[in-house]
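Notes to accompany the following structure.
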Amino acid sequence: MSTLAADTEQSLASVVVVDYGLGNLRSVTRGLERAGADVEITDDPDAFEDADGVVLPGVGAFREGVENAAPIREDLLAVAERGQPLFGICLGMQMLLTASEEGATDGEAAVEGLDLIPGTNVRFDDGQKVPHMGWNELDVERDHPLVEGIDGEYAYFVHSYYAVPDDEFSALASTDYEREFPSIVANEAGNVFGTQFHPEKSGETGLQILRNFVEICADADTDTDTDS
């Protein structure tokens, strides 16, 4: 476990970055710090509960991500159940869904995602160049605090699979890569959401999204204090 203090004199919110063996933990942490968060990198469920918000980063295969996170699966589900903001990034976003086509044809048993946003991750068509890598445009589909100020801006992608939520309303923003796919998704309650791209690698656009997330966490903390 490690704790990295925010650069700001007073942090806006406390955020946990989940360490389950995958993900760009340091770069995500630096981005969150720039956005005004006090960040802790940990797999301690007690820290999840104490934080204003939780980030689930991830780079790699869906199966490896789900299996690595298995010991804390129920704790991540509890974050969502409590109404805390839970933010999945890249593989972390895909893990918020129910399942993935990844590995489905290699003879291995299917693995289940967190099922916080019902849907499936599917592979781009055979005729498309994969992975989808580089900068691409974000088209905001509906209002949500996470997407404030990013409509028409560009973010950095690296992925071969994309989310297909059961409910089209789950798509906060979409991106065109020979087909339109959801690049930002959220659950019905609005406290669980994710980006297919890497905000920590997406310059000012990514920093805006991280700022939006930190503000969501700060607002959630205020609501908790008011209710208590």
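One table, with the values for the structure above:
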{"quantity": "The range 139-228: trypsin sites (Lys or Arg not before Pro) in DSSP loop, at most 13 other beta carbons within 10 Å", "calculated": "ARG142, ARG179"}
{"quantity": "nm² value of the averaged projected area, convex hull over the Cα atoms of the range 75-156", "calculated": "7.2 nm²"}
{"quantity": "Cα gyration tensor category, rounded, prolate or oblate, for the range 124-179 with a/c compared to 1.5", "calculated": "oblate"}
{"quantity": "DSSP bridge pairs, the range 13-225: antiparallel proportion in percent, nearest 5", "calculated": "50 percent"}
{"quantity": "Accessible area per residue, Å², the range 13-225 with all protein chains present, probe 1.4 Å", "calculated": "42 Å²"}
{"quantity": "Nonlocal amide H pairs with VAL164, under 5 Å, H built at 1.01 Å", "calculated": "THR120, ASN121, VAL122"}
{"quantity": "Percent accessible area from carbon and sulfur atoms, the chain, protein chains only, probe 1.4 Å", "calculated": "44 percent"}
{"quantity": "Dipole magnitude of the chain, debye to nearest 20 (Cβ charges: Lys/Arg +1, Asp/Glu -1, about Cα centre)", "calculated": "760 debye"}
{"quantity": "The range 53-132: trypsin sites (Lys or Arg not before Pro) in DSSP coil with no more than 13 other Cβ atoms inside 10 Å", "calculated": "LYS129"}
{"quantity": "Nonlocal amide H pairs with ALA13, under 5 Å, H built at 1.01 Å", "calculated": "ASP38"}
{"quantity": "Cα-based Rg / Dmax (Å) for the range 105-213", "calculated": "14.0, 44"}
{"quantity": "Inter-label distance, nm, simple model (7 Å from Cα along the C-beta direction), ASP50/ALA70", "calculated": "2.9 nm"}
{"quantity": "Whole-number percent relative contact order across the chain, with pairs defined as alpha carbons under 8 Å at least 6 apart", "calculated": "20 percent"}
{"quantity": "Between helix 73-82 and the chain: long-axis angle, C-alpha atoms, 0 to 90°, nearest 10", "calculated": "60 degrees"}
{"quantity": "Label-point separation, ARG26 to ASP176 (7 Å along Cα→Cβ), nm", "calculated": "3.9 nm"}
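The values are calculated or read from the model by the stated rules, or taken from the named source; none is laboratory data. Note that the coordinates shown come from a computational prediction; the quantities given were computed from them, not determined experimentally. For neighbour counting, all protein chains shown are included, and Cβ atoms are generated from backbone atoms with ideal geometry for every residue, glycine included. When the accessible area is computed, the model is the full protein with side chains, heavy atoms only, and any ligands, DNA or RNA have been set aside. Shrake-Rupley method; radii C 1.70, N 1.55, O 1.52, S 1.80 Å.
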